[in-house]
Amino acid sequence: MKREEALELVKNYIKRENLLKHVLAVEAIMRATAKKLNEDEEKWGVIGLLHDIDFEETFDNPSLHGIKAEEILSGKVNEDIIRIIKSHNFENTGEEPKNKIDFSLIAADSISGLIIACALILPSRKLSDLKLETIEKKFKQKDFARNCSRNRILYCEKCGIKLKEFFEISLEALKGIAKELGL
């Protein structure tokens, strides 16, 4: 599936603006991570874009998150993409993450929220003003952006990317789409 098709499909299922911005952020981080790892940027980006396609539908029942995505995406993307998407909610789907793309999706999903939260506390509320040191500091503050799992962000290391480098890759990726994110 090409990006344009994926985005159109996502817009049919995601109506909340913040959730749409989230999947765009994860897409950007996945593309940047793929580039760093010499992987298929298009495939990784589409996976980032599609990963929460069922989130609004499964919000009240997280155990179905990924399972509903499989129903939505079946016949539209290959089974490997569905398996990867299911692996980002492995605690509920039973689809254990096992390779770089799985680990990257888990890490990108969480780091996107942490970086956006860091930008939102700045007086300017702009990603362009966000410093790497701020992200590092806020990562250590467990009471800041509590829903952004630090353990899941650390999955970047399972791909061979050190944490500080992942912060940098992710921040630069989000700066690249700052206008779309309104930041």
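The values are calculated or read from the model by the stated rules, or taken from the named source; none is laboratory data. Because the structure is a prediction, the values reported are computed rather than measured. Reconstructed Cβ throughout: ideal geometry from the backbone, glycine too, with neighbour counts over all protein chains shown.
Do we have residue 20 as free of Cβ contacts under 8 Å to residues at least 12 places away in the same chain and in a helix (DSSP H, G or I) here? Let's see the steps before the verdict.
Numbers: free of Cβ contacts under 8 Å to residues at least 12 places away in the same chain: yes; in a helix (DSSP H, G or I): yes.
Yes, satisfied.
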Which residue is surrounded by the most Cβ atoms within 10 Å (Cβ to Cβ), if the candidates are limited to the range 156-183 and must be small (Gly, Ala, Ser) and at negative phi? 170
Residue, surrounded by the most Cβ atoms within 10 Å (Cβ to Cβ), within the range 119-149, restricted to residues that are within 14 Å of residue 167 (Cα to Cα) and without any contact (Cβ under 8 Å) to a residue 24 or more places away in the chain: 134
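On the basis of being out of contact with any helix residue (DSSP H, G or I) (no Cβ under 6 Å at 6 or more places or on another chain), modelled with pLDDT of 95 or more and assigned to a loop (DSSP other than H, G, I, E, B), does residue 11 make the cut?
No.
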Go through the range 86-103 and give me each residue that's in a helix (DSSP H, G or I) and either over 21 Å from residue 62 (Cβ atoms) or β-branched (Val, Ile, Thr) (or both). 93, 100, 101
Condition broken by residue 83, with the remaining ones in (1) of a type in the set (D, E, K, R); (2) in a loop (DSSP other than H, G, I, E, B); (3) within 23 Å of residue 36 (Cβ to Cβ) satisfied: (2)
Would you pick out the residues in the range 164-183 that are touching a residue at least 60 places away in the same chain (Cβ under 8 Å), touching a Leu at 6+ places or on another chain (Cβ under 8 Å) and of a type outside the set (Val, Ile, Thr)? 174, 180, 181, 183
Of all residues in the range 27-72, how many are among the aromatic types (Phe, Trp, Tyr) and not in a helix (DSSP H, G or I)? 1
Residue 142 fails exactly one of the following numbered conditions: (1) at pLDDT below 95; (2) in a helix (DSSP H, G or I). What is the number of that condition? (2)
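Anything in the range 24-47 that is more than 13 Å from residue 173 (Cα to Cα) and either buried (at least 18 other Cβ atoms within 10 Å of the Cβ) or basic (Lys, Arg) (or both)? List them, or say none.
Narrowing the range 24-47 to residues more than 13 Å from residue 173 (Cα to Cα): 37-40, 42-44, 46-47.
Within the range 24-47, 43, 44, 46, 47 qualify.
Does residue 107 satisfy the condition of being under 16 Å from the mean Cα position of the chain (by Cα) and either among the aromatic types (Phe, Trp, Tyr) or surrounded by fewer than 21 Cβ atoms within 10 Å (Cβ to Cβ) (or both)?
Values: under 16 Å from the mean Cα position of the chain (by Cα): yes; either among the aromatic types (Phe, Trp, Tyr) or surrounded by fewer than 21 Cβ atoms within 10 Å (Cβ to Cβ) (or both): no.
So residue 107 fails the test.
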Only one of 178, 108 is at pLDDT 95 or above and touching a Lys or Arg at 6+ places or on another chain (Cβ under 9 Å), namely 178
Here are some conditions: (1) touching a Leu at 6+ places or on another chain (Cβ under 8 Å); (2) touching a residue at least 60 places away in the same chain (Cβ under 8 Å); (3) part of a helix (DSSP H, G or I). Residue 161 meets all but one. Which one does it not meet? (3)
